[in-house]
1. Could you tell me whether residue 169 is modelled with pLDDT of 90 or more and part of a helix (DSSP H, G or I)?
2. Inspect the stretch 198-214 for any residue being of a type in the set (A, V, I, L, M, F, W, C), modelled with pLDDT of 85 or more, assigned to a helix (DSSP H, G or I) and out of contact with any helix residue (DSSP H, G or I) (no Cβ under 7 Å at 6 or more places or on another chain) and give the result as yes or no.
3. Given (1) among the hydroxyl-bearing types (Ser, Thr, Tyr); (2) surrounded by fewer than 16 Cβ atoms within 10 Å (Cβ to Cβ); (3) closer than 20 Å to residue 55 by Cα, identify the lone condition not met by residue 234.
4. Could you check how many residues of the stretch 135-151 are within 19 Å of residue 23 (Cβ to Cβ), not aromatic (Phe, Trp, Tyr) and not in a loop (DSSP other than H, G, I, E, B)?
5. Can you tell which of 72, 110 is of a type outside the set (A, V, I, L, M), under 27 Å from residue 300 (Cβ atoms), buried (at least 23 other Cβ atoms within 10 Å of the Cβ) and outside the structural domain of residue 303 (by TED's automatic domain parsing)?
6. Can you tell me which residue among 103, 117, 121, 63 is over 15 Å from the mean Cα position of the chain (by Cα), in the same structural domain as residue 193 (by TED's automatic domain parsing), crowded, with 20+ Cβ neighbours inside 10 Å and among the small types (Gly, Ala, Ser)?
7. Kindly establish whether residue 373 is buried (at least 24 other Cβ atoms within 10 Å of the Cβ), out of contact with any Cys (no Cβ under 6 Å at 6 or more places or on another chain) and of a type in the set (A, V, I, L, M, F, W, C).
8. Considering every residue within the stretch 270-287, establish whether at least one is more than 23 Å from residue 221 (Cβ to Cβ), buried (at least 19 other Cβ atoms within 10 Å of the Cβ) and under 20 Å from the mean Cα position of the chain (by Cα).
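The values are calculated or read from the model by the stated rules, or taken from the named source; none is laboratory data. In this text the structure is predicted, and so the values were computed from the model without any measurement. So basically every Cβ, Gly included, is an ideal-geometry build from the backbone, and we count neighbours across all protein chains shown.
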Amino acid sequence: MSGHVLQGPFDIPEMTNAVPRRLKPWVFILFLVIIQLSGGLYLAAASDMVGTTALMQEDILMAGYAQIVGMSVNFAVMFRLKFRFSGRTGLLLCGMVIMGCCAVCAVTDSVVLLVAACAVAGWFRMWATFICNSTIQLWLTPVRDMSVFFCFVYLVVDGAIQLSGIAAVYTAFYSQWEYMHLLVIGLLAVMLVLVLILLKPMRAPMFIPLLGIDWLGGFLWGLAALSFTFVCVYGNFYDWWDSAEITGATVFGFVCIAVNLWRATFLHHPYISFQAMTNRNVVRASLIYVVFYTLLGTEHVFEHTYASTILGFDETNLIDLNFYVLVGILAGVALTYWLFCRRRWRYKHMTALSVAFLSAYLAYFYFLIDYGIEKEMLFMPLMLRGISSVILSIVLLTSIVQSGLHFLVFPQALVINGFMGAVVSAAFGPAVIGEWFRHVMASNMSMIGSVVTDVNPVVDAGSLGNIAAMISRQAMVVSMKEIYGWLLIASLVFITVIALSYAPLRPSAIFPKWRTIRKAIRGLARAESREALKC
């Protein structure tokens, strides 16, 4: 990458000259799309997996979060891997490992093996993603403007999530859910063939050994994140801390965190240092993630239940709603590029704009939710949700780049950003909303049931089932509306807090040159090598 300069046309020296120069970046975009469509399993096909295996809904959700944990842990070492292995070697290795993980996930009924396979698939998926993105970075933004680069990243990543869910459900509808894994394995095989043909066998840009990496620390941070996820996903199933499982997972997670914090006090280069943990931008982004995704927890708790139970949608109609979210992602990326990248709106204004779209989403559902709405009426709130989440993700990730951290510490901040944005907050929000919903639902059912029995004190056995179903549906709609209302109020308070804060900073996140990054990492490797020789 050091050969890429601002003058002259962009080129990828690792790719054979048989490919026209203008097509070379598009080949890597093809690789990127295939990698994003691959994964350990597909949550959209969870109902089909539950029906044909011994797995529960919670098991599949836990495996899905494990994949995200694996991806997040990789952030701290992705630059080291880039300078240790060539792009060709990395893509071949990642492709083969992900193919194996997909095969395991298609046939196993073991929860432990499924979670492990998804975590490994996530780790290698992130590595392959970084290989593709870093290769075409200067083609996307020759001035290394990370706000522009992250618009592209989230367009591909979030868009692929929606498309893979659509493909998984329709594959299960027309055949079997396992065939989606076979399809992805076939696409990965095609990618491997193209890599062998189109990429030349070259050494890495500068052969830097993998010295000084706290692998044990990364493993413990991953276990801590998985423990937190286990508590949130299985909490209601095991009756929270009244069970030994949830209590044990909580204690184990705190022990992993405590050990890592203790090790960070004396290690020269811990996996996540105190400098990254206490950075102002990192802390602020983490807090915003927790609040934002707690308010957005209705996405996982209400939308599927409402559409399937109240509106009576089948699986294909449910997954078609992903197209509405995809439109929102496209609109959100375009809006972020125009306002944030081009017009240089402040971080404060873009965050407030994201929360404003979230408030509109909550308000729309609060006033819209009813028994007989049409499918097309869900377009607007789902599009608003897509716009809101993608704007916030781009803005907060860009703020991490502009946090003032040394580049050797910056990848550690990305691990924290991944944990807080995609794991902790995403699991915590639905857990809180789900538990809240169950309490409100029980209260409303009791109240509505007492009213019905007062009006109809004598009911024949044949009508009892219909009345119970009617009470349940009515209580569900009332409970959802109540929670949407409280969340809407909380989101308006959140916007007010953001509006009253003082934040003059505008986006100016410029990525350093690859030559500078290599020099810093090479110096770190040499220092660690000298330390190893002394020991």
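1. no
2. Taking the stretch 198-214 first, the residues of a type in the set (A, V, I, L, M, F, W, C) are 198-199, 202, 204, 206-208, 210-211, 213.
Retained after the next criterion (residues that are modelled with pLDDT of 85 or more): 198-199.
From the residues that got through so far, the ones that are assigned to a helix (DSSP H, G or I) too are 198.
Next, from what is left, pick out any that are out of contact with any helix residue (DSSP H, G or I) (no Cβ under 7 Å at 6 or more places or on another chain): none.
No, because not a single residue in the stretch 198-214 is of a type in the set (A, V, I, L, M, F, W, C), modelled with pLDDT of 85 or more, assigned to a helix (DSSP H, G or I) and out of contact with any helix residue (DSSP H, G or I) (no Cβ under 7 Å at 6 or more places or on another chain).
3. Condition (2) is where residue 234 drops out.
4. Of all residues in the stretch 135-151, those within 19 Å of residue 23 (Cβ to Cβ) come to 135-140, 142.
Filter once more, so that each one left must be not aromatic (Phe, Trp, Tyr): 135-138, 140, 142.
Now narrow it down to the ones that are not in a loop (DSSP other than H, G, I, E, B): 135, 137-138, 140.
Residues that pass the stated criteria total 4.
5. Being of a type outside the set (A, V, I, L, M), under 27 Å from residue 300 (Cβ atoms), buried (at least 23 other Cβ atoms within 10 Å of the Cβ) and outside the structural domain of residue 303 (by TED's automatic domain parsing) holds for just one of 72, 110, which is 72.
6. 117
7. Details: buried (at least 24 other Cβ atoms within 10 Å of the Cβ): no; out of contact with any Cys (no Cβ under 6 Å at 6 or more places or on another chain): yes; of a type in the set (A, V, I, L, M, F, W, C): yes.
The answer is no for residue 373.
8. The first filter runs over the stretch 270-287 and keeps only residues more than 23 Å from residue 221 (Cβ to Cβ), leaving none.
The answer is no, given that none of the residues of the stretch 270-287 is more than 23 Å from residue 221 (Cβ to Cβ), buried (at least 19 other Cβ atoms within 10 Å of the Cβ) and under 20 Å from the mean Cα position of the chain (by Cα).
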